[in-house]
1. Please work out which residue is nearest to the chain's Cα centre (by Cα), limiting yourself to segment 167-200 and to residues that are under 15 Å from Ala96 (Cα atoms) and within 12 Å of the ligand (Cβ to nearest atom).
2. Residues of segment 372-394 being closer than 21 Å to Val50 by Cβ and either open to solvent by 40 Å² or more (accessible area, probe 1.4 Å) or without any contact (Cβ under 8 Å) to a residue 60 or more places away in the chain (or both), which ones?
3. Name the pairs whose Cβ atoms lie under 6 Å apart, with the first residue in segment 198-223 and closer than 14 Å to Asn184 by Cα, the second surrounded by fewer than 16 Cβ atoms within 10 Å (Cβ to Cβ), and 6 or more positions between them or separate chains?
4. Quick check on this structure: which one of Gly341, Gly318 is at positive phi, more than 16 Å from the ligand (Cβ to nearest atom) and in contact with a Gly (Cβ under 7 Å, 6 or more places away or on another chain)?
5. Could you list all residues from segment 278-306 that are hydrophobic (A, V, I, L, M, F, W, C) and open to solvent by less than 50 Å² (accessible area, probe 1.4 Å)?
6. In segment 145-161, what residues are within 14 Å of the ligand (Cβ to nearest atom) and surrounded by fewer than 19 Cβ atoms within 10 Å (Cβ to Cβ)?
7. Looking only at segment 79-116, count every residue that is in contact with a helix residue (DSSP H, G or I) (Cβ under 7 Å, 6 or more places away or on another chain), part of a helix (DSSP H, G or I), closer than 19 Å to His222 by Cα and of a type outside the set (A, V, I, L, M) and tell me the total.
8. I'd like to check something: does segment 59-67 contain any residue that is open to solvent by 20 Å² or more (accessible area, probe 1.4 Å), at pLDDT 95 or above, in a helix (DSSP H, G or I) and touching a Gly at 6+ places or on another chain (Cβ under 8 Å)?
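The values are calculated or read from the model by the stated rules, or taken from the named source; none is laboratory data. Just so we're clear, the structure is a prediction, and the values are computed from it rather than from any experiment. No Cβ is skipped: glycine too gets one built from the backbone with ideal geometry, and neighbour counts run over all protein chains shown. Side chains are part of the model used for accessible areas, which takes the heavy atoms of the whole protein and leaves out ligands, DNA and RNA. Shrake-Rupley method; radii C 1.70, N 1.55, O 1.52, S 1.80 Å.
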Amino acid sequence: MDRFVVRGGARLAGTVSVSGAKNSVLKLMAAALLAEGTTVLANVPDILDVTVMGEVLRRLGCDVVRGKATVSITVPEMPGHEADYDLVRRIRASIAVLGPLVARCGEAKVALPGGDAIGSRGLDMHVAGLIKLGASVVSEHGYLIARAPRLVGAAVWLDFPSVGATENLLMASALAQGTTIIDNAAREPEIVDLCVMLQRMGAHIGGLGTSTLEVQGVEALHPVEHHTVPDRIVAGTWAVAAVMTRGDVTVLGGRPEHLEMPLDKLAQAGAVVEPLEGGFRVAMDRRPTAVDLVTLPYPGFATDFQPLFLGLNTVAEGTSMITENVFESRWMFVNELVRLGADVRTDGHHAVVRGREQLSGAPVTAHDIRAGAGLVLAGLVADGVTEVADVHHIDRGYEGFVEKLVALGAVVRRETAPVEPWLG
Ligand code: EPU
């Protein structure tokens, strides 16, 4: 179990590059299952989740080869159709193989991922949508089993614009017979990226970037080469880091058009935000002003930014109210921030944050990717040393986090924690 040791006080300055989006590439890898042959993805981040998703595909009979920022996936004529619990529990996104497998093989057996640190994250919309497309779906012995000799297009209305359900239904309907309408669909840039790749594979999809997607199913799709969209959450993480440390950071590869809400919030906090050719710059020369925010599906304020902005508000001037609407229990990391001296109270969907002049370094634990990154940023503005444990969560989504922080001037290192002698 590695940990990051952060010494607070450094101001971040310089240029950092952002690679492809985790939440896109994992689904693009699943989409490769829809076509026999070799699909090549570029701008692939070097993160743990890509490794685990590669193993999911390998166990389905695919040949998966990682190159420098690429992954090439060769899919056999008939892939396997079963994803085991030991991998699915590591990476919930592996549920994205459900739709492609049932569409391609007529059957999919995917372990139920179970709970995690940010809420129960149900699958009811994935299941209801597949049933609408004519699949039979049962839950047996910890597995979700979907069967359909051929899916048939239908009108599907999602109760909530779920990212995962939209993706599964898009991939399933691409090979269904007839037309599928997905209404109240998620509109994230990563969904658009998946639609673009599916179109290149030969799928007929209309309404990209809107909440109504229309998919005309085709008989077969073909493999493609595709460049992954940049990671807006990672780009936003660097922007928040610049503001918290009163620094000046140029984020190369960051797309301001995917970050309108968070960059506007940073401007409200007092930062200078400047779009540049191929990225943007964020600079701050004073203590940030507290900002209120409410998380919502895209283009609303992303829930993945919530822990980062909450951290920012802990050292801002003033009191802020943060409302979490997407995940019911994304507050676990608040207790860790309190260990750093933050003044945060939560009640249901809301958190009230009273800004402090400075935090105070302490050992803390990362419970998920964004909370982990948020704790590292908090450590950057804490007095003394902050040790963040369980950083495998951060490794799941941030490529070279420590190296990039150090290049911007942070004082941080990775340590492998010794096994406690008393544990034997
Ligand atoms: N939900 C249901 N039933 C469903 C599907 C979702 O109740 O059938 C609920 C979930 O419980 C949750 C909410 O709807 O409360 C949102 O879930 P959604 O399906 O939109 O999210 P997801 O696909 O599980 C993806 C990202 C998350 C990101 C959310 C929201 C990936 C791999 N994960 O999750 O990213 O927070 O969308 O934008 O794409 C992260 O990167 O750290 C991360 C958690």
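1. Restricting to residues being under 15 Å from Ala96 (Cα atoms) and within 12 Å of the ligand (Cβ to nearest atom), the top hit is Glu190.
2. Gly372, Asp390, His392, His393
3. Hits for this filter: Thr212/Asp183; Glu214/Gly206.
4. Result: Gly318 is the single residue among Gly341, Gly318 that is at positive phi, more than 16 Å from the ligand (Cβ to nearest atom) and in contact with a Gly (Cβ under 7 Å, 6 or more places away or on another chain).
5. Phe280, Val282, Ala283, Met284, Ala290, Val291, Leu293, Phe301, Ala302, Phe305 - these are the residues of segment 278-306 that are hydrophobic (A, V, I, L, M, F, W, C) and open to solvent by less than 50 Å² (accessible area, probe 1.4 Å).
6. Result: Trp157, Asp159, Phe160.
7. 3
8. yes
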